[in-house]
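To start, the structure itself, in structure tokens.
Just so it is clear, none of the values below were taken in a lab; they were calculated from the coordinates. For clarity, every value in this text was computed on a predicted model and none was experimentally measured. Here Cβ is always computed from backbone atoms with ideal geometry, including for glycine, and neighbour counts include all displayed protein chains.
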Amino acid sequence: MKLTISVLKADIGSPGGHTKPADKVLDAVRSTVSKARGKEVIDYLITYTGDDIAITMTHERGVNDHKIHQLAWDAFKEGTAVAQRRGDYGAGQDLLVDAPSGNIRGAGPAVAELEFDHKLSGERAAESVMIFAADKCGPGAYSLPVYLAFADPMYCGGLILKPELGKGFTFRIMDMDFAESDRLVDLTTPEEMYSIVGLLRDETRYAIEGIFSRAYPHQQVAAISTQRLHNIAGKYTGKDDPVAIIRTQSIFPAPEEIVMPWASVLPFVTGDCRGSHVLPITPYPVNTPVRSPYCQPIVSSLGISINREGRFSDEYVDFFADTYWEHIRRIAVEKGLSMRSQGWFGVAMANNAELSYTGLNKIYENLEKNGRFFNREKEGAAAAK
Ligand code: 13P
Ligand code: MG
Ligand code: MG
């Protein structure tokens with residue numbers, strides 16, 4: 001069968017700030033999606049990471065399917081109605097249009113989808129998948145850990161131990177500043193790694209949208225959402241909070257290789273409080289609220305198997321729930337506090353392009369409008385009086 005995994009995520013409100021969805025909101029989302037199980041949806045999972053709800057589904061309808069996207073939209077709408085009644089903060093925050101046209105890409109929710117031939121034989125005798133969700137950051141937050149897991153033998157020994165991995169991968173990279181249409185580039189490892197790094201270093205502009213095997217080019221390994229909310233809304237309405245699907249094992253990196261960079265790199269990323277600061281992204285168990293000072297960004301990672309019928313295993317593994325990660329989180333807290341000690345200064349805040357979507361512009365505009373800047377040579381004498 002041709003199986004599609006769709007992960008659609010939205011922030012539709014949370015009690016007490018940008019924290020976590022209320023149980024009753026989650027129930028409303030779950031109840032809407034559950035009605036489609038056995039019809040258009042084979043299986044589903046509802047999880048949250050910070051204030052974002054992720055709907056993960058398997059089905060046979062392909063990517064960008066109208067019915068699947070409409071189902072997620074309806075579920076988020078039902079959840080929003082409950083959040084509104086409860087008085088939750090930011091009810092419906094990521095639902096940026098009245099009704100999506102066709103699919104919900106461009107309507108606010110983050111979307112990661114991946115279709116493959118689900119045979120459970122040959123190069124994929126078993127299908128294991130990791131679902132990542134991140135809160136308080138943009139799609140570029142995945143770039144460094146995912147790049148290292150797929151391209152650097154320091155993190156992925158499989159690149160030298162397994163010939164299929166050693167053939168490398170094709171990275172499809174999105175130019176997220178190009179809002180009018182999708183502007184993409186396909187670059188391969190190992191040959192073009194410097195070009196890949198040259199783009200991915202700019203985490204607010206470029207992000208990995210997909211990764212494909214070079215040994216088996218029909219096999220897409222990874223899909224990451226690259227939606228940017230400020231491109232849709234034209235202003236800051238909340239952070240993008242991306243989701244990702246990564247297929248693992250056999251011809252692809254193993255979960256232990258994929259999580260390795262998340263332990264040793266803890267990259268500083270843009271997001272955090274008001275989406276306007278820079279803090280290290282920190283691994284946390286799935287279904288964890290965000291309660292830290294300045295909303296240090298978090299990422300969760302779930303490991304699931306998929307059976308012959310396309311159903312998820314009834315037990316899954318929450319990678320970042322292991323006690324190992326408590327040590328990593330302490331390092332991330334140290335890193336975060338170190339950056340926060342310089343407050344608003346320099347690299348502690350987001351770059352100017354990001355901040356141009358915030359109210360900071362008003363400060364600059366008012367100074368200009370009220371003629372508060374002066375040219376020393378021409379107007380200096382007058383200004384001093
Ligand atoms: P979210 O994007 O997770 O809603 O966070 C927004 C924010 O501004 C937190 O300070
Ligand atoms: Mg929020
Ligand atoms: Mg969020």
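Not counting the cut sites, what is the longest span of the chain without GluC sites (Glu not before Pro) that DSSP labels loop and that have at most 14 other Cβ atoms within 10 Å?
Values: sites that count: Glu180, Glu191, Glu309, Glu315.
It runs 1-179.
With no solvent and one point per C-alpha, what does the Debye sum give as log10 I(q)/I(0) for region 1-144 at q = 0.10, 0.16 Å⁻¹?
After summing over all Cα pairs, the log10 values are -0.34, -0.83.
Applying the Karplus parametrisation 6.51 cos²θ - 1.76 cosθ + 1.60 with θ = phi - 60° to the phi angles of region 304-313, what ³J(HN,Hα) value in whole Hz is obtained for each residue in order, glycine and proline being reported as x?
These are the phi-based 3J(HN,Hα) values: 9, 9, 10, 7, 4, 8, x, 8, 6, 4 Hz.
Are there any trypsin sites (Lys or Arg not before Pro) in region 6-99 that are in a DSSP loop and have at most 14 other Cβ atoms within 10 Å? List them by number. Could the numbers behind the result be given before it?
Values: sites: Lys9, Lys24, Arg30, Lys35, Arg37, Lys39, Arg61, Lys67, Lys77, Arg85, Arg86; in loops: Lys35, Lys39, Arg61.
Answer by residue number: Lys35, Lys39.
Taking springs between alpha-carbon atoms closer than 10 angstrom, which of Asn352, Asn287, Asn64 fluctuates most in the Gaussian network model of the chain?
Highest fluctuation of the listed residues: Asn352.
With springs only between Cα atoms under 10 Å apart, run a GNM on the chain and tell me which of Pro217, Pro280, Pro242 wobbles the most.
Result for the chain, Cα springs under 10 Å: Pro217 fluctuates most.
Amide H of Val269 versus every other amide H placed in the peptide plane: which residues, excluding those fewer than 5 positions away on the same chain, fall under 5 Å?
Leu279, Ile281
Along the Cα→Cβ direction, 7 angstrom out, place labels at Asp177 and Asp314. What is the inter-label distance in nm?
Distance between label points: 5.2 nm.
Using alpha carbon coordinates only, what is the Rg to Rh ratio of the chain, with Rh defined as the Kirkwood radius? Walk me through the intermediate numbers first.
Numbers: Rg = 21.6 Å, Rh = 21.6 Å.
Ratio of gyration radius to Kirkwood radius for the chain: 1.00.
Return an integer: the convex hull volume of the alpha-carbon atoms of region 53-124, in Å³ per residue. Don't jump to the answer; show the numbers that get you there.
On the way: hull volume 6.9 nm³, N = 72.
With only Cα atoms used, region 53-124 gives 96 Å³ per residue.
Going by alpha carbons, how many degrees (0 to 90, nearest 10) lie between the helix axis of 66-86 and the longest principal axis of the chain?
For 66-86 against the chain, the angle is about 50 degrees.
Which ³J(HN,Hα) values, rounded to whole Hz and listed in residue order, are derived for region 155-165 from phi using the Karplus coefficients 6.51, -1.76 and 1.60 in 6.51 cos²θ - 1.76 cosθ + 1.60 with θ = phi - 60°, glycine and proline given as x?
Karplus values, whole Hz, x for Gly and Pro: 10, 10, x, x, 5, 10, 8, 10, x, 4, 6.
Hey, which of these cross-link pairs are over 25 Å Cα-Cα: Lys77/Lys239; Lys24/Lys239; Lys39/Lys77; Lys9/Lys167; Lys2/Lys136; Lys39/Lys119? Mind showing how you got there, number by number?
Working: Lys77/Lys239 19 Å; Lys24/Lys239 23 Å; Lys39/Lys77 20 Å; Lys9/Lys167 33 Å; Lys2/Lys136 34 Å; Lys39/Lys119 21 Å.
Beyond 25 Å: Lys9/Lys167; Lys2/Lys136.
For region 176-294, list log₁₀ I(q)/I(0) at each q in 0.11, 0.14 Å⁻¹, using the Debye formula over Cα point scatterers of equal strength and ignoring solvent, two decimals each.
Normalising to I(0) and taking log10 leaves -0.46, -0.76.
Hand me the chymotrypsin sites (Phe, Trp or Tyr not before Pro) from region 322-376 located in a DSSP loop with no more than 13 other Cβ atoms within 10 Å, in residue order please.
Trp344, Phe345, Phe373, Phe374
Test of understanding: in a Gaussian network model of the chain with alpha carbons linked when under 10 Å, which of Leu229, Leu337, Leu200 would top the mean-square fluctuation ranking?
Leu337
Looking at the calculated P(r) for region 243-385, what percent of the C-alpha pair distances fall above 18 Å?
Numbers: 6925 of 10153 pairs.
The calculated P(r) of region 243-385 puts 68 percent of pairs beyond 18 Å.
Using only Cα atoms, what Kirkwood radius does region 29-70 have, in angstroms?
Working: mean 1/r = 0.0921 Å⁻¹.
One over the average 1/r among Cα pairs gives 10.9 Å for region 29-70.
Using square roots of five times the C-alpha gyration tensor eigenvalues, list the equivalent-ellipsoid semi-axes of region 135-238 in whole Å, biggest first. Mind showing how you got there, number by number?
Details: eigenvalues 147, 36, 26 Å².
For region 135-238, the semi-axes come out at 27, 13, 11 Å.
Along the charge dipole of the chain, Cβ charges K/R +1 and D/E -1, which of Pro145, Phe312, Ile251 sits furthest on the positive end?
Pro145
Could you tell me what % of all Cα pairs in region 64-196 have separations over 20 Å?
On the way: 5583 of 8778 pairs.
Cα-Cα pairs in region 64-196 separated by more than 20 Å: 64 percent.
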